Structures are given as structure tokens and as C-alpha cells.
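The values are calculated or read from the model by the stated rules, or taken from the named source; none is laboratory data. Since the structure is predicted, the reported quantities are computational estimates derived from the model, not experimental observations. Cβ atoms come from the backbone with ideal geometry, glycine included; neighbour counts cover every protein chain shown. Keep in mind that these areas ignore ligands, DNA and RNA; they rest on the heavy atoms of the full protein, side chains included. Shrake-Rupley method; radii C 1.70, N 1.55, O 1.52, S 1.80 Å.
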Amino acid sequence: RSANATYEVINVTLHTTLAATTKLVVPTPAKPILPVQTGVQAQQEEQSSGMTIFFSLLVLAICIILVHLLIKYRLHFLPESVAVVSLGILMGAFIKIIEAQKLANWKEEEMFRPNMFFLLLLPPIIFESGYSLHKGNFFQNIGSITLFSVFGTAISAFIVGGGIYFLGQADVIYKLNMTDSFAFGSLISAVDPVATIAIFNALNVDPVLNMLVFGESILNDAVSIVLTNTAEGLTRENMSDVSGWQTFLQALGYFLKMFFGSAALGTLTGLISALISFFNFEDTHHIDLRKTPSLEFGMMIIFAYLPYGLAEGISLSGIMAILFSGIVMSHYTHHNLSPVTQILMQQTLRTVAFMCETCVFAFLGLSIFSFPHKFEMSFVIWCIVLVLFGRAVNIFPLSYLLNFFRDHKITPKMMFIMWFSGLRGAIPYALSLHLGLEPIEKRQLVGTTTIIIVLFTILLLGGGTMPLIRLIDIEDSKARKRNKKDINLSKTEKMGNTIESEHLSELTEEEYEAQYIKRQDLKGFMWLDAKYLNPFFTRRLTQEDLHHGRIQMKTLTNKWYEEVRQGPSGSEDDEQELL
């Protein structure tokens, strides 16, 4: 009996230990593998995707022709974004008439797909924006820009979201719960002053004002997306048993993780690309891709999209990561590249970003007829009021606060222009379609209201920026003397006619030391960057490097000229005209 009892005890102990151990080592369930479509279903999906691609390219081609006509007939007073949105509205009306006559059915093709926007269209736009921030005085105003884009966007989101929630609770407008209200307030706080920046450049307004508006809009988009994702995360979780204070702390922790984690990932990726390009020199005895610009350019394109895929794969914000990667690559990596690759990067990024922006604005116009709408006048009016009020609370108090620490003060006129330039663009519209709101009428209401606010700000505020600047006399004196017909708002024409020489040229060791190291007026990040970061991540050019770069550019120019001379239509008269 004693032996049997002992055996039973040991047996029970072994079973208990085995069960506990099994519970400890049981792996987490694997992610479900999405079903792969085959046969007829796959063919139908390919046909549908093919027609969508064809329709998108057709719309883009028509928009490019429109922009060409604007440049050809010198309609420079009309911003291209406004023209493309208007064309999209006309195309949507035309397609609606065709569908009413049952001549064709383009409902699936003309619908704007948020996944296509976030995966294909938005990353090039954001990366190019970050890559172009080398211009002007971005880093001198990095503190002000960060305050406006992070804290200002959060203030605007809370004001709009809180106002919608409390007005709904008072039965003044359509009722939304707290998380849905905050999600809408976050997405509608993304500003996109494309037309305003074009007007600023045309009128030569204060460069500090230009950089504050431009820099804020770039960082603001990423912050708005992270805030919207934070609200969506709270919506997906069951927050019924959690207090308001715990909900706020959870949302704050999620936002900080997304913001700083994504920014750190993008910065790290950009610095790695800078180190790779730094060792990309013949005298360092490493692989020298500079001799093969196509391979060097391909490597840079990989690093341009790499942080987006990695951040999205580990549940961070790909937009925030690719933005910071673009800023770092522009500031460090770009100056280690060969002259040919520098030109390729500039022109390719500009062209791709232009095509993506044009496609988005065209589909924004098409959405007026393709999107199932739910319109409520009171909801739209109160949302516009809250958006304008939230922008004011964002700009004016923060500007007065910053003036205590700034040498170049933000004047009341500049504050008013910054408030007025808070245009909304395609990002709020795409985010509104990406929200998983239930019931469906709530999604339709949010989407319709977002479209109206975007069109209201682009057409009314964007169209009134130039008269306002002239009225309050904030433009440059030289621009004031020019005729209205001489003002050029065409971003594409300027993009094609110029190559940013300041982003191509690089200082030698002696020039860099004289221009930056010995300067006594550098402060904060500018001093740290000039003293340590820039010398570590970028290579100062020697006279031999400059000579080699000139030879490389001259060789390419001679090859191009020889091909032109040997062309089928080449004649002595044509050659003389070319010369």
C-alpha cells in the first residue's frame, strides 16, 4: 500500500508538473495565413486590379495634361492643387452621367482605396517633404516647428474632438462617442498648405514665416496620423471598465511609444545610410558604389522606403519613421553621394511626389460623386467653426510663448497668416475612409464632413491667401512691385526649371571649418551638429574629389551631346541652334 500510494503521489506530481510546464512552453498561436485566391477568383481579382490601375493612370495622365496647359498658357495665378481638384470634380460628374445612361460602370475603379493611399501614395510624398527640409532655416527653427506640430496639433485635436463630443451630448449635432470624436478631431487637424506655400514662394514672404508654415505642415501630418491611430487603438479595445484618467494615460503612453519609437527608427535608418555612403569612397578601401551611380541610386531608394515597411511591420508609424529618415538622409547622406546620384535623387523624388499628390487631389475631387454621402448642416457648420477655433488656439498662444525665447519674433501679422494657412488636404480624407466607424451612416457622415472641410479650406482659404498677404502688406518689396500676371504659383514649372545647387555642392574641409566650426553664434542643435554630428556622418570633400566630380559630370554631358549629334534628325543647322 505504501508503495502504491507513493507511486500515485509521484504520478500525480509528474502530471501536475508536466501540465504546468506545458502551459509555460505553449507557443503563442501563429498568425493566420490569408487565403490565396486561385483559379477564376484570382483572374477576376487581377482583372479588377488591372482596371483600377488603368483608371488611376488615365486620371493621372489627364491631370498632367491640365498642369501642362496651365504652364503653357501662363495661368500662374491658379494653384495646381485647386485646378486638379476642380478637374476631379468635373470628371466625377462626367462619369456619373455615363453611369446614369448605363454606358459604363466605373464605381469600383473610381472609389478611393485608403490602403493604396497609405502603402503607395503617401510614403513618397512624406519622404520627399522630409528630404526637401534641407532648404532655408529649418534647423534654426526646429524648436518652434516641433512645438507647433506636436503640441499645437494635439491642442487642435482635443478642441475639435472635445467640442464635437459635448455638442453631441447636448443634442446640438450628431452624437459621437468620446473615442470617435477624438479620432475625427485628430484626422481633421492634419494641415496641407500646398497652395499657401506656392503663394509664399511667389511673393517672397519672410523666409522664417515660410519655414514655420512648411515645417509645421510636414511634421503635423505624421503627428495627426499617430493621434488618429491612437484613437483607433482605444476604439478597438474594451474601455468600458476603465476610468477616464486611465484611458488618458493609456492613450498618452501609446502616442509616446508611436511617436518616439517611429522617430528613433527613422533617424537610425537615416544615420545607417549616412554611414554606408560615408564609407562609399575609394580611399577608404570599401565598396565604392559612387563609380556606378545606378547602383548607388538604387541603394538610396531602398533606404528611402525601408523604414516605412519596418515600422509598419512592428506596429509603429511608418509615416513618422519615413519622415525622420528623409530629414536625416537629406542632411547627412545626400552630401556623401556622387553628383549624378544627387541629381537623380532630387528629380526622381520630386517627380514621384508630384504624381502621387496629383493622383490624390484628383481622387479627392472624384469622391464628391463616388462616395456615399450623409450630409448634416449643423454638424458641418460646427465642425468648421471648431477647426478654425482650434487652429487659433494652436497658433496664437504658442506664438506668444515662443517669442520669449526667439531672436526673430513672430509678429501678429505672421500669426494671422499662419492661422489662415491651415488648409486641409488629402490626408484627412484618406484617414476618414480608414476609420472603422460603426454604423455605416457614421462613416458616411464623417467622410462627407471631411470632404466639405477640405474643399472649403482649399478653395476659400487657399484662394484668399494672396489677397490677404497683399492686404496686410507682409510680402517682400520686390514682389510688391511685380504685376499679378508675373506671379507664378506653378510648383511644377519651378521644379522642372531648377536644380537646387545648394543641395548639390559640398564644402571642402577648409571651407567647412571657416563657415561653421569657427562661428561663435551657433547654439543648441546647430552647434552640436556642426561640431560633432556633421563631421562624423559626412565626408568633407578634397580638391581631388571636386575635380573627379567635375570630370564625371563633364563626361556625362559629352556623352549626351554626342548622342544628340548622332540622332536621326540631327543636322548642322540643328546643331548650331542647340549650341
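Observations on the model:
- Heavy-atom accessible surface of the stretch 253-407, averaged per residue, reaches 41 Å², computed with a 1.4 Å probe.
- Extension gain from Leu147 to Leu268, taking 0.36 nm per residue of separation minus the Cα-Cα distance: 41.3 nm
- Fraction of accessible area attributable to carbon and sulfur, the stretch 123-187 (%, probe 1.4 Å): 66 percent
- Cα point-scatterer Debye curve for the stretch 114-480, base-10 log of I(q)/I(0) at q = 0.06 Å⁻¹: -0.23
- Rounded percent of accessible protein surface that carbon and sulfur make up, the stretch 323-402, 1.4 Å probe: 82 percent
- Candidate residues Ile452, Ile469: accessible-area rank, largest first, probe 1.4 Å: Ile452, Ile469
- For the pair Lys291 and Arg74 in one chain, pulling the backbone fully straight at 0.36 nm per residue adds 74.0 nm over the alpha carbon distance.
- Inter-probe distance in nm under a simple model that places probes 7 Å from Cα toward Cβ, at Met116 and Ile98: 1.5 nm
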